[in-house]
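K.L.:
First the structure, which I've put down as structure tokens, then a few questions once you've had a look.
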Amino acid sequence: MTLSIDTDLVTIDKIQLFADQQVETDMLRLDKIHPQISGNKWFKLKYYLEQAVLENRSGLISLGGPWSNHLLAVAAAARETGLKSIGIIRGEAPAQPSETLEELKSLGMELVFVSRTAYRNRVQLVTDLNTNYPDYLVVDAGGEGPTGAKGAAEILSYVPDQDRYTHIFCAVGTGTMLAGIALAAGKEQHVIGICSLKEKEEQTASILQWFPTLEDRFEINTAFHFGGFARHTAELTDFMNLFYRQTGVPTDIVYTAKLCYAWKQLYLDNFFQPGSRVLLIHSGGLQGNRSLAPGILTF
Ligand SMILES: *Cc1c(COP(=O)(O)O)cnc(C)c1O
């Protein structure tokens with residue numbers, strides 16, 4: 001069995017925050033396609049699943065933190081495809097497992113905890129996994145890599161008239177989704193990634209290594225990291241509540257909140273010429289908001 005999307009679930013919503021209508025903004029709501037295989041993860045995993053089935057693997061094995069959107073997607077997608085899954089979790093097994101870890105277990109994922117030190121040496125870790133689990137297809141953390149990008153290149157096919165947009169914005173973790181978007185976008189479109197991390201050098205280098213033709217076809221903005229990956233400030237959570245109240249769109253603390261904040265700030269800074277048409281990609285990840293203390297978010 002392979003995954004398929006009920007395309008009725010994918011909507012394109014108008015985002016109207018400002019009275020001035022000179023800049024039009026739409027949002028592709030990939031957060032709505034599946035509760036667990038959320039947003040971009042569906043696309044990034046597509047060809048890994050296909051490969052695992054083709055190669056008769058028993059399942060997928062991948063890595064992530066205790067609130068990982070990626071591992072949740074791997075666990076659910078493997079299960080729906082009839083494959084097993086193993087999750088390598090960063091850090092010692094907690095006395096009180098996160099809700100995401102509980103959900104991974106309920107989806108049948110086998111969890112293996114590794115120390116932060118071992119996790120940091122990811123290249124070695126992935127090499128060891130390949131040796132120790134020959135039956136499994138190893139998917140790098142976050143679904144990073146050209147196989148993931150090939151799937152992400154299909155995201156824009158869910159946007160009718162996608163070439164009418166002057167700017168396409170998405171969040172950046174590993175940069176795999178951004179690479180896919182840049183592959184599918186037209187030469188004259190501005191493809192801009194809002195980085196959830198402080199640095200963009202690794203992602204930029206990886207994207208250009210996978211796809212040298214993407215030179216000059218995308219940019220990564222690091223001005224909106226709010227302290228770094230998986231970090232946030234009260235300003236960001238206040239923004240999430242306000243954005244939800246004004247647009248009805250829930251955002252996630254790690255990626256899409258920073259994306260939407262960046263879009264608003266760039267708008268206010270007159271980054272967009274009148275007549276610009278902007279597409280924001282809501283890449284999902286809402287389950288990660290469970291890592292926040294109760295009461296911080298109003299949605
Ligand atoms: C995983 C994830 C991203 C990051 O995608 P990359 O391809 O790693 O850059 C962005 N947004 C959400 C909601 C995610 O879960």
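The values are calculated or read from the model by the stated rules, or taken from the named source; none is laboratory data. No experiment lies behind these values; they were computed from the predicted model shown. Glycine gets a Cβ as well: all are built from the backbone with ideal geometry, and neighbour counts include every protein chain shown. Calculation scope for accessible area: heavy atoms of the full protein, side chains included, ligands and nucleic acids excluded. Shrake-Rupley method; radii C 1.70, N 1.55, O 1.52, S 1.80 Å.
K.L.:
Of all the strands (runs of 3 or more DSSP E) wholly in the range 125-200, which have at least 2 residues that are within 12 Å of the ligand (Cβ to nearest atom)?
P.N.:
Counting at least 2 such residues, we get 167-172, 190-195.
K.L.:
Another question, then. Going by what's in this entry, would Arg245 be described as in contact (Cβ under 8 Å) with a residue 12 or more places away in the chain and in a helix (DSSP H, G or I)?
P.N.:
Yes; evaluated as a whole, the condition is true for this residue.
K.L.:
Out of the residues in the range 283-299 that are of a type in the set (Gly, Ala, Ser) and crowded, with 19+ Cβ neighbours inside 10 Å, which is farthest from Ile12 (Cα to Cα)?
P.N.:
Looking at residues that are of a type in the set (Gly, Ala, Ser) and crowded, with 19+ Cβ neighbours inside 10 Å, I get Gly288.
K.L.:
Could you grab me the full set of residues in the range 71-97 that are farther than 20 Å from Ala52 by Cα, open to solvent by 10 Å² or more (accessible area, probe 1.4 Å) and either in contact with a helix residue (DSSP H, G or I) (Cβ under 7 Å, 6 or more places away or on another chain) or aromatic (Phe, Trp, Tyr) (or both)? Spell out how you get there, then give the answer.
P.N.:
Looking only at the range 71-97, we keep the residues that are farther than 20 Å from Ala52 by Cα, and these are 89-97.
If we keep only those that are open to solvent by 10 Å² or more (accessible area, probe 1.4 Å) as well, we get 90, 92-97.
Matches in the range 71-97: Arg90 only.
K.L.:
Here are some residues: Leu71, Leu54, Leu45, Leu63. Which one is within 14 Å of the ligand (Cβ to nearest atom), free of Cβ contacts under 8 Å to residues at least 60 places away in the same chain and more than 27 Å from Gln265 (Cα to Cα)?
P.N.:
Result of the check over Leu71, Leu54, Leu45, Leu63: Leu71.
K.L.:
Among the hydrophobic types (A, V, I, L, M, F, W, C) and either within 21 Å of Leu197 (Cβ to Cβ) or under 20 Å from the mean Cα position of the chain (by Cα) (or both): is that true of Ala93 in this structure?
P.N.:
When the stated conditions are applied, Ala93 does not pass them.
K.L.:
I need the strands (runs of 3 or more DSSP E) fully contained in the range 1-89, keeping only those with at least 2 residues that are among the aromatic types (Phe, Trp, Tyr) and at pLDDT 95 or above.
P.N.:
none
Per-residue answers, yes or no, for (1) within 13 Å of the ligand (Cβ to nearest atom); (2) touching a His at 6+ places or on another chain (Cβ under 6 Å):
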| site | (1), (2) |
| --- | --- |
| Ile5 | no, no |
| Asp13 | no, no |
| Val23 | no, no |
| Arg29 | yes, yes |
| Ile37 | yes, no |
| Glu50 | no, no |
| Trp67 | yes, no |
| Glu102 | no, no |
